Amino acid sequence: MKRTLFAISIILILMSCNNQPKPAEEPDTTTNRTWWKEAVIYQIYPRSFKDTNGDGVGDLKGIIEKLDYIQSLGVNMVWLNPIYGSPNDDNGYDISDYRAIMEEFGTMEDFDAMLKGMHDRGIKFVMDVVVNHSSDEHEWFKQSRSSRDNPYRDYYHWWPAERGKPNYRWSYFDEKGEAWMYDSTTNAYYLHYFSRKQPDLNWENPKVRQEVYDIMKFWAEKGVDGFRLDAFQFVSKDTTFPKLPEGYEKEVIKYYGMGPNLHDYLKEMNREVLSQYNVFAVSEGAGSTFEDAHNLVDAGRNELQMAYHFEGVDLCNSLEGYELADFKEVHSRWDSAFAQEGWLSIFLANHDVARLVSRYGNDKPQFRAPSSKMLNTFILSMRGTPYCYYGDELGMTNIGFDSIEQYRDIAAINGYKKTVNSGGDVEHFLKTLKFLSRDNGRTPMQWDGSENAGFTTGTPWLPVNPNYTTINVKAQEGDPNSCLSYFRKMVKLRKDNPVLVYGDYELVRPEHEQVYAYTRTLGDVKMLVLLNFSDEAAGIELPEGTATDEVLINNYDAVETAGLAVNLKPYQAVVYALK
Ligand code: GLC
Ligand code: CA
């Protein structure tokens with residue numbers, strides 16, 4: 001199953017492209033500055049970006065077609081959700097071939113052309129690496145399940161049934177909520193933290209780890225610039241699978257994450273792969289404490305470069321929404337814990353949550369544009385590497401499905417089954433899903449006002465949000481006041497001003513109930529960010545000595561000030577240079 005890297009390197013040399021291994025670029029040790037800290041990442045859900053062959057599914061050729069658009073945003077890195085061979089139980093997060101491109105998405109030639117197209121435009125590329133689990137249709141698993149003495153048996157976690165039922169493990173997507181699945185072929189249970197078709201790989205087996213590093217090298221040799229390690233905090237497990245203590249479900253990450261050997265594995269991965277190329281790696285998840293997070297990313301540890309924690313994005317996980325006070329508290333706490341050492345990501349949306357503006361802003365017609373601009377101002381003015389999710393530059397909104405038949409996401413479908421089977425409150429479940437489902441964040445990109453928003457000439461795999469007739473790229477392109485124009489301006493502001501990347505962060509008027517205000521300071525450059533998170537006007541009295549100089553960006557035409565008093569309109573966002 002292993003392919004020789006040798007053959008691949010020869011081909012690469014013959015093609016004389018610039019994808020050969022490069023020594024890792026060390027951060028500047030005097031300033032700690034480096035390219036992946038200065039990146040603005042644009043995340044694309046490939047299924048939903050642009051379809052070129054009319055099958056209703058976005059493809060790599062579609063991304064190639066839109067490279068100029070991506071470049072025009074000013075972003076300089078793209079992360080694509082998985083594009084490998086996959087039966088699509090979880091839309092590509094169930095991989096059956098780590099060295100192939102999913103047929104629906106195109107071919108390896110398309111991939112090479114896409115990567116070259118990005119590099120030609122100065123855009124780096126991040127590959128999603130899903131190795132906590134594979135697909136049950138991966139050859140490894142087919143072998144593994146076939147007999148107890150198969151050489152691949154230990155690639156996965158098996159529990160022989162004659163030992164009795166294994167201790168309960170919770171599963172994210174299982175329709176019964178159980179992570180152990182009985183398999184009669186060998187009279188044993190296998191472990192799956194996600195769906196039944198996503199068996200967990202056994203990282204305790206050195207062969208599995210070597211396979212993973214070989215796969216990562218395969219892509220690094222092709223020239224990818226970064227890796228996003230999916231569900232990575234779960235890879236190392238206590239394989240005795242002890243009984244979980246009571247109340248574990250309130251602290252799932254504590255019991256499931258940061259297993260005993262995780263750091264050894266990361267150091268090994270760093271030695272074998274990351275340090276050998278000019279790449280960075282970010283892990284999904286950062287454990288359950290600051291210490292966990294620091295241990296993943298601090299420079300001296302030689303593990304990863306970046307992590308993302310969920311506290312920020314998890315704030316709004318119910319129909320009640322969230323409180324600004326909590327939002328400020330979470331982001332300030334994480335910032336201060338990483339002010340001296342380590343590096344984090346900043347994001348409020350991705351393919352696992354509902355739309356940015358519907359969840360954290362206000363998608364009512366009169367507030368949609370200002371609140372979406374305000375949230376993008378936040379993401380692009382905080383310390384950490386910002387991740388912007390496709391469509392959020394337009395202020396795309398939740399679609400809000402009413403019936404379970406409309407959903408495509410396994411989390412929604414199996415969550416529904418679980419609720420029905422356990423006699424739960426189905427009505428409440430559907431209402432919550434309508435607001436929070438992952439499918440809200442996965443509807444097709446809205447390119448123009450033509451049928452299906454210009455996404456496909458066929459039937460889209462997930463319906464296009466009907467508001468595409470007014471919210472689309474074409475309509476916003478020519479409008480200097482559009483969300484899109486504002487987004488480009490804000491990205492440029494960040495890229496032109498290292499203070500927004502590296503500067504110290506300090507809260508201003510922390511107790512203010514409507515306004516999130518903070519300064520960023522680097523040397524003698526200082527900026528003030530004012531964000532009104534409410535649908536009403538908000539006055540804020542700036543502290544003595546806060547002499548505003550120039551308005552650098554504003555999502556309204558003007559800002560009302562009188563001395564140190566600033567009166568913000570609903571969802572107004574202003575960034576000032578301070579004297
Ligand atoms: C991560 C991904 C999510 C996926 C899951 C299983 O959380 O972001 O989309 O369903 O892992 O791979
Ligand atoms: Ca297609």
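The values are calculated or read from the model by the stated rules, or taken from the named source; none is laboratory data. Keep in mind that what you see is a predicted model, and the values were worked out from it rather than measured. So basically every Cβ, Gly included, is an ideal-geometry build from the backbone, and we count neighbours across all protein chains shown. The accessibility values were calculated without ligands, DNA or RNA, using every heavy atom of the protein model including side chains. Shrake-Rupley method; radii C 1.70, N 1.55, O 1.52, S 1.80 Å.
Filter segment 439-457 down to the residues that are open to solvent by 30 Å² or more (accessible area, probe 1.4 Å) and touching a residue at least 60 places away in the same chain (Cβ under 8 Å) and list them by number. THR457 - this is the single residue of segment 439-457 that is open to solvent by 30 Å² or more (accessible area, probe 1.4 Å) and touching a residue at least 60 places away in the same chain (Cβ under 8 Å). Among (1) closer than 26 Å to ALA354 by Cα; (2) surrounded by 20 or more Cβ atoms within 10 Å (Cβ to Cβ); (3) within 16 Å of ligand 2 (Cβ to nearest atom), there is one condition ASP55 misses while meeting the rest; what is its number? Among (1) closer than 26 Å to ALA354 by Cα; (2) surrounded by 20 or more Cβ atoms within 10 Å (Cβ to Cβ); (3) within 16 Å of ligand 2 (Cβ to nearest atom), ASP55 violates only (2). Given the structure, is PRO460 modelled with pLDDT of 95 or more, within 16 Å of ligand 2 (Cβ to nearest atom), open to solvent by less than 10 Å² (accessible area, probe 1.4 Å) and of a type outside the set (A, V, I, L, M)? In short, no.
Working carefully through the options ASP120, ASP68, find the one that is within 18 Å of VAL279 (Cα to Cα), acidic (Asp, Glu) and out of contact with any helix residue (DSSP H, G or I) (no Cβ under 7 Å at 6 or more places or on another chain). Only one candidate qualifies: ASP120.
Residues are listed down the side, and each one gets a yes or a no for (1) polar (S, T, N, Q); (2) free of Cβ contacts under 8 Å to residues at least 40 places away in the same chain; (3) in contact with a Phe, Trp or Tyr (Cβ under 9 Å, 6 or more places away or on another chain):
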residue: GLY106; (1), (2), (3): no, no, no
residue: GLU109; (1), (2), (3): no, yes, no
residue: ASP174; (1), (2), (3): no, no, yes
residue: MET181; (1), (2), (3): no, yes, yes
residue: ASN187; (1), (2), (3): yes, yes, no
residue: TRP203; (1), (2), (3): no, no, yes
residue: PRO206; (1), (2), (3): no, yes, no
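When segment 58-106 is filtered for residues that are polar (S, T, N, Q) and in contact with a strand residue (DSSP E or B) (Cβ under 6 Å, 6 or more places away or on another chain), the ones remaining, listed by number, are ASN81, SER96. Residue check: VAL252 meets all listed conditions (1) open to solvent by less than 50 Å² (accessible area, probe 1.4 Å); (2) closer than 25 Å to VAL212 by Cα; (3) assigned to a helix (DSSP H, G or I) but one, namely (2). Just one of the listed residues (ALA337, ALA281) is surrounded by 16 or more Cβ atoms within 10 Å (Cβ to Cβ) and over 19 Å from the mean Cα position of the chain (by Cα), namely ALA337.
Restricting attention to segment 90-116, the residues that are surrounded by 19 or more Cβ atoms within 10 Å (Cβ to Cβ) and under 30 Å from TYR486 (Cα atoms) total 2. Any idea which residue in segment 128-144 is farthest from ARG196 (Cα to Cα), counting only those that are within 11 Å of ligand 1 (Cβ to nearest atom) and of a type in the set (S, T, N, Q)? Filtering segment 128-144 for residues that are within 11 Å of ligand 1 (Cβ to nearest atom) and of a type in the set (S, T, N, Q), the one farthest from ARG196 (Cα to Cα) comes out as ASN132. Checking segment 158-165 against the condition returns a match, with at least one residue being open to solvent by 10 Å² or more (accessible area, probe 1.4 Å), part of a loop (DSSP other than H, G, I, E, B) and out of contact with any Gly (no Cβ under 8 Å at 6 or more places or on another chain). Scanning segment 553-568 for residues that are in a loop (DSSP other than H, G, I, E, B) and either among the β-branched types (Val, Ile, Thr) or buried (at least 18 other Cβ atoms within 10 Å of the Cβ) (or both) gives ASN555, VAL559. Just one residue in the set ALA286, ALA220 is buried (at least 20 other Cβ atoms within 10 Å of the Cβ) and part of a helix (DSSP H, G or I); that residue is ALA220. Of all residues in segment 59-89, those satisfying the criterion of being open to solvent by less than 10 Å² (accessible area, probe 1.4 Å), within 16 Å of ligand 1 (Cβ to nearest atom) and part of a loop (DSSP other than H, G, I, E, B) are ASN81, PRO82, ILE83.
Looking across segment 507-520, just one residue is surrounded by fewer than 17 Cβ atoms within 10 Å (Cβ to Cβ) and either within 16 Å of PHE378 (Cα to Cα) or small (Gly, Ala, Ser) (or both), and that is PRO510.
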